[in-house]
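To keep things clear, I will list the structure first and then write my remarks on it.
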Amino acid sequence: MIADDPDAPVGTWTHWVLFNLPAHTTALPEGVTKVDEPPSGGRQGRNDFRKTGYGGPCPPPARPHRYFFKLYALDKMLNLKPGADGGTRDRTRQYHLSRRGLAPACSRCATRWRRF
């Protein structure tokens, strides 16, 4: 899962990277711990705050920002260590998909936040 903000002043900003969730996962608990391998399963990568775990929204005042939570279903686990950065994760995922001629099964949820 990738949570990002495409409206960030510096370009798309990644707020959360979570991968290798068990196939039986149907929900995530509130407040997933900010550790490499949370008890709820999977592994977390490094976000653009240079930290592990979810970094919440904090857009500049005025214009609202969009936040996308994208969940990709792959047919195998990614061979990445916890703490992998976004570039490493994206290259591995794209290689895995293109090598097999697959399109990602993706579910996307979007929300908007505005700070006054």
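The values are calculated or read from the model by the stated rules, or taken from the named source; none is laboratory data. Owing to the predicted nature of the structure, the values given are computational and were not obtained by experimental measurement. Note that each Cβ is placed from the backbone with ideal geometry, even for glycine, and that neighbours are counted across all protein chains shown.
Per-structure values
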quantity	calculated
Wholly enclosed strands (runs of 3 or more DSSP E) of segment 13-116 bearing at least 2 residues at pLDDT 80 or above and basic (Lys, Arg)	65-73
Qualifying residue in segment 36-51 (condition: over 14 Å from the mean Cα position of the chain (by Cα), of a type in the set (D, E, K, R) and surrounded by fewer than 13 Cβ atoms within 10 Å (Cβ to Cβ))	no
Residue within segment 11-32 that is under 21 Å from Ala84 (Cβ atoms), touching a residue at least 60 places away in the same chain (Cβ under 8 Å), surrounded by 16 or more Cβ atoms within 10 Å (Cβ to Cβ) and of a type in the set (A, V, I, L, M) present	yes
